[in-house]
1. Quick one: in segment 144-166, which of the residues that are under 14 Å from residue 107 (Cβ atoms) and assigned to a loop (DSSP other than H, G, I, E, B) is most open to solvent (accessible area, probe 1.4 Å)?
2. Among the residues in segment 4-25, are any modelled with pLDDT of 85 or more, loosely packed, with under 15 Cβ neighbours inside 10 Å and in a strand (DSSP E or B)?
3. For segment 88-125, what are the residues that are closer than 19 Å to residue 13 by Cβ, part of a strand (DSSP E or B) and aliphatic (A, V, I, L, M)?
Amino acid sequence: MPQRTGIQTDIRQATQADIAELVRLRALLFEHRGDEYFNPPSGDDSWQDALAVFLKDQLPQSTAAAVRILVVDGDSGLAACGIGTVEQRLPGPHLRNGRVGLVIGVVTDPAHRRRGHSRAIMRGLLGWFREREVTRVDLYASHEGEPLYRDLGFVNHPDPALYWRP
């Protein structure tokens, strides 16, 4: 059942029928990111098959699932999607229950941008994170998406983001 947000965009949970469109939108996310981090020289499109298998395992989503995939329908396919996950880490003074949310790949098809779809998806994900009592929500923002995330209350993380590839 679609969820009505305050900005006139209906969001709903993804279903298995959305898998091909979710893979398409995820590919759009990386299409214009030409650096080696997002498009390693040894890369090929096999990640799309792996993503489809992952999504098939995750959908349909139960109410207790650690993954939430929200979508906005377009005229012929999906207009936008966003994925949230909840990880259980060790509790500490900065993570009282150890639950951390992660926003992964909020993306809107270029033909549907500037209509509030990403904001609606983010509000839906943030509500879901609240229901799961996460202590913090992390995300990696593109330059284009950063103003939206800051407007929703996201701030710079105190630790630098580093990565390693074996």
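The values are calculated or read from the model by the stated rules, or taken from the named source; none is laboratory data. Since this is a predicted model, take the numbers as computed values, not measurements. With ideal geometry, Cβ positions are generated from the backbone for all residues, glycine too; neighbour counts draw on all protein chains shown. Surface accessibility is based on the protein's heavy atoms, side chains included, excluding ligands, DNA and RNA. Shrake-Rupley method; radii C 1.70, N 1.55, O 1.52, S 1.80 Å.
1. To start, the set of residues in segment 144-166 that are under 14 Å from residue 107 (Cβ atoms) comprises 144-145, 148-149.
Filter once more, so that each one left must be assigned to a loop (DSSP other than H, G, I, E, B): 144-145.
On the way: 144: 155, 145: 14 Å².
Checked segment 144-166; the qualifying residue most open to solvent (accessible area, probe 1.4 Å) is 144.
2. Initial filter on segment 4-25 (modelled with pLDDT of 85 or more): 10-25.
Next, from what is left, pick out any that are loosely packed, with under 15 Cβ neighbours inside 10 Å: 10, 15-17, 20.
Retained after the next criterion (residues that are in a strand (DSSP E or B)): 10.
Yes: one or more hits.
3. Residues of segment 88-125 that are closer than 19 Å to residue 13 by Cβ, as a first pass: 101-109, 112, 116-125.
When the remaining residues are screened for being part of a strand (DSSP E or B), the result is 101-108.
Matches in segment 88-125: 102, 103, 104, 106, 107.
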